[in-house]
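Visitor: Below you will find the structure I want to go over with you.
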Amino acid sequence: MDSIFQRKAEEERIKKEGRLPPGQSLTQKFPVLHYGAVPAFDPLTWDFRVFGEVEAPLRLTWAEFNQLPRTSLKMDIHCVTRWSKFDTEWEGVSVTSLIDAGLIKLKPGAKFVIQHAEHGFTANLPLQVVLQENFLMATHFEGQPITPDHGYPLRGIIGAIPQKTELKTPYFWKGAKWLRALEFSTEDKPGFWEQAGYHNDADVWLEERVED
């Protein structure tokens, strides 16, 4: 019973800080939600690709990916199923760092980014959102490698950074688990959940859960 009251008190504090989007509830757990089975991972055969509207395609092995510049990020994450988890800590690789390092050189027509994951799963975002500091290709959560059911070895993540309300914040499904590639595109390509009726923009503050 004490834990219920503690959660409610914490939720009220977060709400007063303006960090709880409408229709959401605080969770102190990390629910597991995905479509399909958890894929196997072989570090010797795994690769990560970048293709589409780039000057040159990029392919990295797991060992090479782990040599990339790393970024740490603390943010709040919001699931379309109405749970929110606050002050989560992530570590991984930002897309902007790959551009700054010259590993990715975008063509002028690049306007959207399609995340390609295992099982043919895709998730789409505008390029401007992927280049924000609240999007990361994450390998670690709370100081430990991401667990397989949460997307090991690599997943896209998107959330809200407190006090940075200018950053667009989509629901958490817009970051793909078991990420294998980024496709830069001139046109938007609705992903798995968008094709199933979920909102294409998915702004948490506007409660853009499903298309009208």
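Visitor: Could you grab the pairs with beta carbons closer than 8 Å, sequence gap of 6+ or different chains, first residue in region 151-167 and at pLDDT below 95, second one in a strand (DSSP E or B) and surrounded by 22 or more Cβ atoms within 10 Å (Cβ to Cβ)?
Guide: 162/75; 162/76
Visitor: Here are the criteria: (1) surrounded by 19 or more Cβ atoms within 10 Å (Cβ to Cβ); (2) outside any loop (DSSP other than H, G, I, E, B). Tell me which single one residue 176 does not satisfy.
Guide: Condition (2) is where residue 176 drops out.
Visitor: Further question: Where residues in region 68-81 are over 16 Å from residue 164 (Cα atoms) and in contact with a Ser or Thr (Cβ under 6 Å, 6 or more places away or on another chain), which of them is surrounded by the most Cβ atoms within 10 Å (Cβ to Cβ)?
Guide: 71
Visitor: Would you pick out the residues in region 132-151 that are in a loop (DSSP other than H, G, I, E, B) and more than 18 Å from residue 71 (Cβ to Cβ)?
Guide: Within region 132-151, just 147 meets the criteria.
Visitor: Can I ask one more? Of all residues in region 5-37, count the ones that are more than 20 Å from the chain's Cα centre (by Cα) and either closer than 30 Å to residue 152 by Cβ or outside any loop (DSSP other than H, G, I, E, B) (or both).
Guide: Result for region 5-37: 13.
Visitor: While we're looking at this one, here's another question. Go through region 34-54 and report how many residues are out of contact with any helix residue (DSSP H, G or I) (no Cβ under 8 Å at 6 or more places or on another chain) and surrounded by 13 or more Cβ atoms within 10 Å (Cβ to Cβ).
Guide: 5
Visitor: Which of (1) within 27 Å of residue 198 (Cβ to Cβ); (2) among the aliphatic types (A, V, I, L, M); (3) buried (at least 16 other Cβ atoms within 10 Å of the Cβ) is the odd one out, the single condition residue 58 does not satisfy?
Guide: All conditions pass for residue 58, except number (1).
Visitor: Let me ask something else. Suppose the filter is of a type in the set (Lys, Arg), touching a residue at least 24 places away in the same chain (Cβ under 8 Å) and more than 27 Å from residue 195 (Cα to Cα); does residue 105 pass it?
Guide: yes
Visitor: If you don't mind, there's one more thing I want to ask. I need the full set of residues from region 69-125 which are of a type in the set (Lys, Arg), under 25 Å from residue 209 (Cβ atoms) and not in a strand (DSSP E or B), in order please.
Guide: Once the filter is applied, which keeps residues that are of a type in the set (Lys, Arg), under 25 Å from residue 209 (Cβ atoms) and not in a strand (DSSP E or B), region 69-125 yields 82, 111.
Visitor: So if I check each of 6, 24, which one is among the polar types (S, T, N, Q) and surrounded by 17 or more Cβ atoms within 10 Å (Cβ to Cβ)?
Guide: 24
Visitor: For region 7-24, which residues satisfy the criterion of being in contact with a helix residue (DSSP H, G or I) (Cβ under 7 Å, 6 or more places away or on another chain) and either acidic (Asp, Glu) or closer than 22 Å to residue 142 by Cα (or both)?
Guide: 20
The values are calculated or read from the model by the stated rules, or taken from the named source; none is laboratory data. Model, not experiment: these values are computed from the prediction. Glycine gets a Cβ as well: all are built from the backbone with ideal geometry, and neighbour counts include every protein chain shown.
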